[in-house]
């Protein structure tokens, strides 16, 4: 009995209930629906045929090919940029490096739409220069073109991982190898292999995983390119009449298993970045900034320019004429009572609520798991991080099956609360990671001293650990807000009738041929997210300055 009371007081039962409701129940509902033909008496061959149909195998082939090409392109560009900044650090790296990260802040579906505006058959390139538009369009609406668009979005991920690994290279190993007779290439391989190769492999797997899960880019460009992927096949099985729930669940299960296997492999390979005790100081070069600036321009600058230009033009097909500029699209999007402002309001309200609730739940989960021990605690931790491996369209399908089940009495499906539930589930691993890092900021000696003097766990948490952890919690909350504002796959499956969010509004405007209003809403959405991120950064900087002043006094 005392053990049971202690277990109940630890908060573990509440955490188990939350994770079961958010993560396990939708995935179990997906599994049950996928196996329903088998449970109803059909054989495995009939079940697999219902999953795959006539087009699932080509979709699987296109998914793997697209992901492999995206990983290849991202590795070439991101690893090349990382090696360049290490071997020939450019002057002004502090200003160049943030430019390389801009493309990761643009939602993938928006990047795809921006390239359609720039390089489509009647895009800005053709209208401005009068040549080359059809060749660019042919390349863009192809499987390699789609892979390149996805790779440009994911290049910052590879760059950050490779650059971090290169900071951990101890170049004294190369000097020792040269002394013992190794050639320059062999000596460099001895020094760089232990840290660089794992970073390259893990970043390649992460890009491959993200590309297998990607929904926005294939949805925007796939029809024109004749490319079908599994994520789009799941969405079409759920939204195109006649709805085929077992097939959607079956394809979703295959995609989830593929993503889960890659995620587990990545977790085994990826380690914490370290900084070598002896780093070789290299002279900064002026020329090495130009390739990095060119990469930043192509990956982030051109899509941002395409978004802004399309938002300010009356019609893209009229080109860059002086009489083709207008603010009317912004006025329409922000018109009181209009569909655009309503979508923006719903997105902001839901994202703010999810960031607050998600950060609080992640803090609670991190605190409970910190005190828990044994195999059960490790399983709970794995369940908490599991949504990071599940594609949004698959998890959205599971949420539909669970929350819309006839036996489920909770009034969540069909209301805005279902969007909040989906965002909370998808972003929980990111909030969790920030919360764990935040709680780790309190020195163990300080918390032990407080416990020795009679402070209980809650008092230690409130008086010592939270004041040290709140910058990380604020950072996690802003990340959750940004990810919620850009989510497309789950939103398209779960948005209630008569309700839109920013991502679905933008996508719908493009489907209806109204690119100007879609891009105007994209600009407003990106600026609102950037504003919140800037405020959070300003608060953190102000707190750091206050701590510095207090230390000087």
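Readers should treat all values here as calculations from the given coordinates under stated rules, not as data from a laboratory. From a predicted model like this one, the values you see are computed outputs, not experimental measurements. When we count neighbours, we look across all protein chains shown, and the Cβ atoms used for this are built from the backbone with ideal geometry, even at glycine.
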In cubic angstrom, how much convex hull volume per residue do the alpha carbon atoms of region 466-523 span?
-> 98 Å³
Per-residue Cβ neighbour rank within 10 angstrom, fewest leading, 231, 528 | 528, 231
At 0.890 mPa s and 25 °C, Stokes diffusion of region 120-185 via Kirkwood alpha-carbon radius, µm² per second | 155 µm²/s
What is the packing order of peptides 193-205, 385-397, taking the mean over residues of other C-beta atoms within 10 Å and listing the highest first?
-> 385-397, 193-205
Diagonalise the Cα gyration tensor of region 89-236 and give the resulting equivalent ellipsoid semi-axes, square root of 5 times each eigenvalue, largest first, whole Å.
-> 39, 19, 14
Region 370-421 - Rg over Rh from alpha carbon coordinates, Kirkwood radius | 1.11
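By per-residue mean of other Cβ atoms within 10 Å, what is the highest-first order of 243-249, 441-447?
Top to bottom by mean Cβ count within 10 Å: 243-249, 441-447.
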Expressed in angstrom and ordered largest first, the alpha-carbon extents of the chain along the principal axes are 73, 68, 54
Calculated over region 180-241: convex hull of Cα atoms, volume per residue (Å³) | 104 Å³
Counting each DSSP H run of 4 or more residues in the chain as -39500 (n - 2.57), what helix-only mean residue ellipticity at 222 nm follows after dividing by all residues, to the nearest 500 deg cm²/dmol?
-> -23500 deg cm²/dmol
Treating each Cα of region 78-161 as an identical point scatterer and ignoring solvent, apply the Debye formula and state log10 I(q)/I(0) at q = 0.11, 0.18, 0.24 Å⁻¹.
-> -0.39, -0.84, -1.04
For region 86-139 and region 219-248, distance of Cα centres in Å = 27 Å
Compute the separation of the alpha-carbon centres of region 336-380 and region 504-523 and state it in Å as a whole number.
-> 28 Å
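Using packing as a proxy for protection, rank 149-155, 346-352, 121-127 so that the peptide with the highest average count of other Cβ atoms within 10 Å comes first.
149-155, 346-352, 121-127
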Per-selection metrics, region 409-526 (Cα): Rg and Dmax in Å | 20.4, 68
How many angstrom lie between the C-alpha centres of region 390-422 and region 294-318?
-> 36 Å
Can you sort 32, 180, 86 so the residue with the fewest Cβ neighbours within 10 Å comes first?
-> 180, 32, 86
